[in-house]
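Below: one structure, written as structure tokens.
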Amino acid sequence: MKKIVVMILPLALVFVVSNGFAKVPEKLVKEVHQKVLTVDTHCDTPMAMLDDNFDIGIKNSPPQSRVDFPRMKEGGLDAMFFAAFTSQRERTAENTENAYNTANRMIEATYAACNKYSTLAEVATKSSDAARIEKSGKCAIYIGMENGFPMGTDINRVKEFYNKGVRYITLCHSSNNDICDSSTDKKGPEHDGLSGFGAEVVKEMNKLGMMVDVSHISDKSFYDVIKLSKAPVIASHSSVRAIAHHNRNMNDDMIKTLAKNGGVIQICLLDDYIKDPDTTALYYQKRKELNLIFDTKFDSMSDEEKKVFRNEWKLLREKYPKTLPTVADCVDHIDYVKNLVGIDYVGIGSDFDGGGGLDGCADVSQFPNITAEMLERGYTEEEIKKVWGGNFFRVFSAVEKMAKHDL
């Protein structure tokens, strides 16, 4: 008996770390991470792809971008949703058309990048594509749309964007639009939730088999969507409000309602959505200044001025360092959802290139660190498989199956 104790005790000591969890060997982390089908359901990299100086087919470094095909491979990421993001502006015909054109340019840039690097990546449109493309050794690139602003009030554009490969629409962004109220519009609600046009958008998305994304929308808009949608919905990049008290995050009742609906919340890696910010920090103040410029002046800037502004945004953390939340802080959100509603309703949506990035997960190459943290907390391989893609693709498949096929 004494010999057995002597043999086991050193191993126990080796695998205990400061956070109180047992440290898992790197080899095991790599084996588990490579075995599961992984998807990140939200990045804003298409914005960078409109810059002629950015090449997604070569390995870059932050702050230029946190995503490229080589680092996706390095980080064992099998699939990713590239968001065609447009910021909300005054709802004039001209601004709507500009947003429509910008969204189309991002979609075209995504196809062009995958065509240029066809041995590395392929555009995916069906839930089953990710597994097929992963087996070929390539990354599956799905297309989402962040903000329904490019739709204006033209319901036909929903199908138009679906036909171009868009598989989810985040109904609004930081301000109200013609579809619904935002969770962060400083003017408050405009429609008291989902608008009449917004209801038609949700119905059309259900009909087409396009996922409804409830990230960014107001609480009332969320409940309106849940009541109306016949298919489960997603929160492509949202976190837990009980931990980080931002209106963008979901409260307990919303998470419970989402789970009852059969949907999934994809935990966002943006610092303020993971941990409440230090509002006295210089970084916080400077970011607030840049946000004000973006909200009030960006649209009227020249192309060169926009380029300078984007670079300022990219260099923000470098100029004004701040203590970022950690991978452990992120997994606290996964734990919370697991304990609240079960492991079947949570995943990961990084928001890389849109503000996402943590200490220990600064870009896509470091995604195995999240797997390591889950393993150290005792998550099983099956649970990790669900978090990294199983839950999301279950929802994606359900949305497809519920769609009408007489399009």
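The values are calculated or read from the model by the stated rules, or taken from the named source; none is laboratory data. Because the structure is a prediction, the values reported are computed rather than measured. No Cβ is skipped: glycine too gets one built from the backbone with ideal geometry, and neighbour counts run over all protein chains shown. Please note that ligands, DNA and RNA were not included when accessible areas were found on the heavy atoms of the full protein model with its side chains. Shrake-Rupley method; radii C 1.70, N 1.55, O 1.52, S 1.80 Å.
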- Any chance you could give the angle, 0 to 90 degrees and rounded to 10, that helix 93-116 forms with the longest Cα principal axis of the chain? 40 degrees
- Message: A 31 angstrom limit on the alpha carbon distance is what I want to check against. Which of 207/386; 186/314; 164/227; 187/385 exceed it?
- Response: 187/385
- Query: Under a 1.4 Å probe, what is the accessible area of the chain per residue, stated in Å²?
  - Reply: 44 Å²
- Item | GNM flexibility winner over the chain from 142, 168, 100 (Cα, springs under 10 Å) | 100
- Please give the FRET efficiency for residue 118 paired with residue 314, using the beta carbon to beta carbon distance and R0 = 35 Å, rounded to the nearest 0.05. 0.80
- Task: Using only Cα atoms, find the angle between the long axis of helix 391-402 and the longest principal axis of the chain, and express it within 0 to 90 degrees, rounded to the nearest 10.
- Result: 40 degrees
- Query: Out of 375, 292, 315, any idea which swings most in a Gaussian network model of the chain, alpha carbons joined below 10 Å?
  - Reply: 292
- Task: Would you mind telling me the share, in percent, of accessible area of the chain contributed by carbon and sulfur at probe 1.4 angstrom?
- Result: 53 percent
- 153, 380, ranked by accessible area, largest first (probe 1.4 Å): 153, 380
- Query: In whole angstrom, how far apart do the alpha carbon centroids of region 212-278 and region 70-127 sit?
  - Reply: 23 Å
- With Rg and Dmax of the Cα atoms in Å in mind, check [x] 20.9, 81; [y] 21.5, 70; [z] 22.9, 74 and report the label derived from this structure. [x]
- Task: Could you rank the peptides 206-216, 252-262, 222-232 by their average count of other C-beta atoms within 10 Å per residue, with the highest value first?
- Result: 206-216, 222-232, 252-262
- With +1 on the Cβ of every Lys and Arg and -1 on the Cβ of every Asp and Glu, the dipole magnitude of region 185-265 about its Cα centre, in debye rounded to the nearest 20, is 140 debye
- Message: Starting from the 7 Å offset along Cα-to-Cβ, what nm value, one decimal, do you get for the label separation of residue 163 and residue 397?
- Response: 3.0 nm
- Cβ under 14 Å from residue 282's Cβ, residue 282 left aside: what net charge do those residues give with Lys, Arg +1 and Asp, Glu -1? +3
- Item | Cβ-defined net charge surrounding residue 177, 11 Å radius [Lys, Arg +1; Asp, Glu -1] | -3
- Note on the structure: Percent antiparallel among DSSP beta bridges confined to the chain, nearest 5, equals 15 percent
- Item | Nitroxide proxy distance, nm - points 7 Å out along Cα→Cβ at residue 50 and residue 37 | 3.2 nm
- Which translational diffusion coefficient, to the nearest whole µm²/s, is obtained for region 297-407 from the Stokes-Einstein equation, given a Kirkwood hydrodynamic radius over C-alpha pairs, 20 °C and 1.002 mPa s? 127 µm²/s
- Top mean-square fluctuation among 52, 278, 181, Gaussian network model of the chain, C-alpha springs under 10 Å? 52
- Item | Accessible surface of residue 180 - all protein chains present, 1.4 Å probe, nearest 10 Å² | 0 Å²
- Message: Out of the GluC sites (Glu not before Pro) in region 29-91, which ones are loop residues according to DSSP with at most 10 other C-beta atoms within 10 Å?
- Response: 90
- Report the local net charge at residue 108: Lys and Arg +1, Asp and Glu -1, summed over other residues whose C-beta lies under 15 Å from its C-beta. 0
- Task: Work out the charge dipole of region 264-407 with +1 on the Cβ of Lys and Arg and -1 on the Cβ of Asp and Glu about the Cα centre, then indicate which of 277, 302, 331 is farthest towards its positive end.
- Result: 302
